[in-house]
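See below for the structure under consideration.
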Amino acid sequence: MTIANIAAKPEASHFVGGAYIEDEAGAAIDVIYPATGETIATVRSATPAIVDRALETAASAQAEWAGRTGAERGRVLRRAADIIRDRNRDLSELETLDTGKPLSETLVADASSGADALEYFGNLAATLSGEHIQLGGDFVYAVREPLGVCAGIGAWNYPTQIACWKAAPALACGNAMVFKPSEVTPLCTLKIAQILIEAGAPPGLFNVVQGYGDVGAALATDPRVAKVSLTGSVPTGQKVYSAAAGHMKHVTMELGGKSPILVFDDADIEDAVGGAILGNFYSSGQICSNGTRVFVQRGLHDRFVERLVERTRGAVIGDPLDEATSFGPLVSEAQLDKVLGYVDLGRSEGAEVALGGDRIDRPGFYMEPTIFTGVTDEMTIAREEIFGPVLSVLAFDDEDEAVARANATEFGLAAGVFTRDLARAHRVIAQLQAGTCFINAYNLTPVEAPFGGVKQSGVGRENGHAAIEHYSQLKTVYVGLGPVEAPF
């Protein structure tokens with residue numbers, strides 16, 4: 001398959017009011033295919049007029065949508081899920097062009113997981129309810145209501161999935177959404193907006209506007225927006241959170257991490273190595289929950305490193321559109337330069353490169369999957385989020401030490417434990433300061449389960465029943481059935 005066989009150029013830059021629209025006054029944003037470095041499309045950043053139109057049509061659509069029953073809303077979301085599954089290959093190929101991720105990944109982990117979210121929350125929509133509180137003669141009832149218009153701000157690593165993870169619970173609860181994809185990956189979310197219209201959503205219910213940080217800031221501060229949900233880096237999250245707080249908006253912040261994986265001596269070595277690979281090299285390491293600090297107990301350390309290096313050498317690096325490829329490029333030249341800069345820091349601070357560490361001499365933004373050993377806690381590569389295929393192995397002696405060192409970070413998105421001793425597994429997980437944890441597995445995030453972090457890794461939860469609380473609010477109504485007593 002070649003790029004020429006895939007329609008990358010969208011009909012227009014934005015999808016507002018149920019249709020593609022363009023505004024030539026917006027700044028041009030080139031879409032670069034990471035595997036070759038070539039420009040495959042150009043979109044334009046939303047002007048204030050585009051943002052205003054998106055918010056106006058969203059408010060209008062939200063009023064109609066909130067008037068539908070939960071069952072009616074759910075049917076639309078489930079139809080959209082069915083359409084996505086029918087078009088999974090086309091959407092996956094587009095995601096590969098947008099992100100550079102191998103088609104072998106996008107076929108199973110991107111559009112399909114977005115469909116899962118729409119289906120799951122579509123099924124929940126009819127079940128949303130409040131409560132009744134009996135107070136003798138009087139009573140209170142609480143009604144669950146939508147927030148209104150929500151703003152979604154996406155990241156570039158999982159553009160389709162992130163859009164659906166935010167849209168599905170928002171729409172299930174009766175909200176509308178204006179979504180800004182990352183300027184690095186602007187193509188995929190337009191297709192989701194189009195599919196929702198085909199599924200029966202009112203025009204304007206899910207609008208997509210392109211742009212840089214100024215467009216995200218406009219959404220985060222506009223009084224018509226009731227809630228902001230962002231997936232991104234900690235610095236970006238801090239800025240958006242601060243802007244939203246100034247207007248007392250609801251927020252969900254799914255931010256970065258420097259997550260630990262603890263491998264004890266009694267762990268199944270193949271499972272532990274597999275978890276480390278999934279937690280560092282899937283999507284070329286560009287996943288926020290990655291377990292980039294792999295703590296290995298000394299009795300297993302050398303055998304673990306040997307097997308990790310051996311299996312990582314089996315990565316098939318090549319054309320992302322070839323389904324045999326299992327490891328693709330990074331998303332951009334800038335991201336590649338950033339990650340290689342961390343590799344240089346790791347070397348200069350005394351860590352040893354057990355595998356990789358260099359850019360690959362081929363077109364596009366490829367680097368070798370990289371494994372560092374001899375890493376200590378104070379090294380930069382052990383403290384800062386790299387967001388690339390760089391794994392650090394750190395040795396430890398006992399359980400208490402491992403827990404203390406794992407928690408010695410400002411981040412708290414994810415954590416994993418590999419051991420055959422399930423009592424120890426649960427004991428350790430209970431002490432780890434992370435919002436999303438794994439025992440003898442890693443980076444599996446089904447839509448049925450809440451996902452999110454603690455500390456600097458964010459606030460709120462996506463997915464699961466927990467997401468409903470972040471896209472709805474309760475109205476309490478006290479009903480008096482007797483005479484009103486007053487002091488005068």
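The values are calculated or read from the model by the stated rules, or taken from the named source; none is laboratory data. These numbers come from a predicted model, not from an experiment. All Cβ positions, glycine included, derive from the backbone under ideal geometry; neighbour counts span all protein chains shown. In case anyone asks, the SASA skips ligands and DNA or RNA and just uses the protein heavy atoms, side chains included. Shrake-Rupley method; radii C 1.70, N 1.55, O 1.52, S 1.80 Å.
Accessible surface comparison of Lys191, Lys227, probe 1.4 Å, protein chains only, largest first: the order is Lys191, Lys227.
According to the square roots a ≥ b ≥ c of the eigenvalues of the Cα gyration tensor, what is the shape class of the range 303-358, taking rounded for a/c under 1.5, prolate for a/b larger than b/c otherwise, and oblate for the remainder?
Values: a/c = 4.11, a/b = 1.16, b/c = 3.55.
Taking the square roots of the gyration eigenvalues as a ≥ b ≥ c, the range 303-358 is oblate.
Computed 3J(HN,Hα) for the range 121-130, one whole-Hz value per residue from the Karplus formula 6.51 cos²θ - 1.76 cosθ + 1.60 where θ = phi - 60°, is 6, x, 6, 6, 3, 7, 9, 5, 8, x, glycine and proline marked x. A DSSP coil position with no more than 10 other Cβ atoms inside 10 Å describes the following GluC sites (Glu not before Pro) in the range 1-65: Glu24.
Within a straight-line Cα-Cα reach of under 27 Å, Lys338 can be paired with the following lysines, leaving aside sequence neighbours fewer than 8 residues apart in one chain: Lys101, Lys180, Lys239, Lys258, Lys455. For the peptides 207-215, 173-181, the ranking by packing is 173-181, 207-215, with the highest mean count of neighbouring Cβ atoms within 10 Å listed first. Apolar share of the accessible surface for the chain: 52 percent from carbon plus sulfur atoms, 1.4 Å probe. Other residues with beta-carbon under 13 Å from the beta-carbon of Tyr120 carry, at +1 per Lys or Arg and -1 per Asp or Glu, a net charge of -3. Computed from backbone phi, the HN-Hα couplings of the range 48-62 come to x, 5, 5, 4, 4, 5, 4, 5, 5, 5, 5, 5, 5, 5, 5 Hz, rounded to whole numbers (Karplus: 6.51 cos²θ - 1.76 cosθ + 1.60, θ = phi - 60°; Gly and Pro given as x). For Gly435, the amide hydrogen comes within under 5 Å of the amide hydrogens of Leu413, Ala414, Val454, counting only partners 5 or more places away or on other chains and with H modelled in the peptide plane.
Give the percent of DSSP beta bridges with both residues in the range 335-486 that are antiparallel, rounded to the nearest 5. Intermediate results must be reported in sequence, preceding the final value.
Details: 5 of 12 bridges.
Percent antiparallel among DSSP bridges in the range 335-486 is about 40.
Could you tell me whether the range 348-395 comes out rounded, prolate or oblate from its Cα gyration tensor? Rule is a ≥ b ≥ c as square roots of the eigenvalues, rounded for a/c under 1.5, then prolate if a/b exceeds b/c, otherwise oblate. Write down the numbers at each step before the final one.
Numbers: a/c = 2.65, a/b = 1.91, b/c = 1.39.
Verdict is prolate for the range 348-395.
Under 5 Å between amide hydrogens, built in the peptide plane, is the criterion, and for Gly148 it picks out Ala176 among residues at least 5 positions away or on other chains.
At 0.36 nm per residue, minus the direct Cα-Cα distance, what do Glu378 and Glu131 gain on full extension? Give it in nm, one decimal, please.
Numbers: separation 247, 0.36 × 247 = 88.92 nm, distance 5.09 nm.
Taking Glu378 through Glu131 to full extension adds about 83.8 nm, to one decimal.
For the Cα atoms of the chain, what angle does the longest principal axis make with the long axis of helix 269-278, in degrees from 0 to 90, nearest 10? Taking the Cα atoms of the chain, the angle to 269-278 is about 60 degrees. Here the relative contact order of the chain, from alpha carbon pairs under 8 Å that lie six or more residues apart, stands at 18 percent. Take His247: with every protein chain present and a 1.4 Å probe, its accessible area is about 90 Å². Considering only Cα atoms, the convex hull volume of the range 52-180 works out to 121 Å³ per residue. Residues in the range 285-293 carry Karplus couplings, in order, of x, 9, 9, 5, 8, 3, x, 7, 9 Hz; the curve used is 6.51 cos²θ - 1.76 cosθ + 1.60 with θ = phi - 60°, and Gly or Pro positions show x.
Counting only other residues whose beta carbon sits under 14 Å from that of Lys191, what net charge do I get with K and R as +1, D and E as -1? Residues near Lys191 contribute -4 overall.
Compute the relative contact order of the range 60-142 as a whole-number percentage, counting only Cα pairs closer than 8 Å that sit 6 or more residues apart in sequence.
35 percent
Considering only protein heavy atoms, what per residue accessible area in square angstrom results for the chain with a 1.4 angstrom probe? Intermediate results must be reported in sequence, preceding the final value.
Working: 18610 Å² over 488 residues.
In whole numbers, the chain has 38 Å² accessible per residue.
Taking a cut-off of 16 Å between Cα atoms, list the aspartates and glutamates near Lys9, but don't count ones fewer than 8 places away on the same chain. Of all the aspartates and glutamates, those that pass the test against Lys9 - Cα under 16 Å, at least 8 places apart if same chain - are Glu22, Asp23, Glu24, Asp30, Glu38, Asp90, Glu93, Glu95, Asp98, Glu183. Considering helices alone, the calculated mean residue ellipticity of the chain at 222 nm is -11500 deg cm²/dmol, with DSSP H runs of length four and up weighted by -39500 (n - 2.57) and normalised per residue. Each other residue within a Cβ distance under 13 Å of Ala449 adds +1 if Lys or Arg and -1 if Asp or Glu, for a net charge of -2.
Given a Förster radius of 51 Å and the C-beta distance between Ala66 and Ala8 as r, what FRET efficiency does 1/(1 + (r/R0)^6) yield to the nearest 0.05? List each step's numbers first, then the result.
Working: r = 36 Å, r/R0 = 0.70.
Efficiency for this residue pair is about 0.90.
In this simple spin-label model, placing a label point 7 Å from the Cα along the Cα-to-Cβ direction at both Arg359 and Asp271 gives a separation of 4.1 nm.
Counting alpha carbon pairs within less than 8 Å and at least 6 residues apart, what relative contact order, in whole percent, applies to the range 227-272? Intermediate results must be reported in sequence, preceding the final value.
On the way: 39 pairs, mean separation 19.2, N = 46.
Relative contact order comes out at 42 percent.
Compared with the dominant principal axis of the Cα atoms in the chain, helix 234-245 is inclined by about 10°. Listed by chain and number, the aspartates and glutamates whose alpha-carbon sits under 20 Å from that of Lys475, ignoring those within fewer than 8 places in the same chain, are Glu64, Glu131, Asp138, Glu145.
Taking amide H atoms as placed 1.01 Å from N in the peptide plane, the amide H of Leu355 lies under 5 Å from those of Ile371, each 5 or more residues away in sequence or on another chain. Shown here: volume of the Cα convex hull per residue in Å³, derived from the displayed model; of the candidates (i) 275; (ii) 166; (iii) 195, it corresponds to (ii).
If the chain linking Ala430 and Ala19 were pulled fully straight, counting 0.36 nm for each residue of separation and taking away their Cα-Cα distance, it would gain 143.1 nm.
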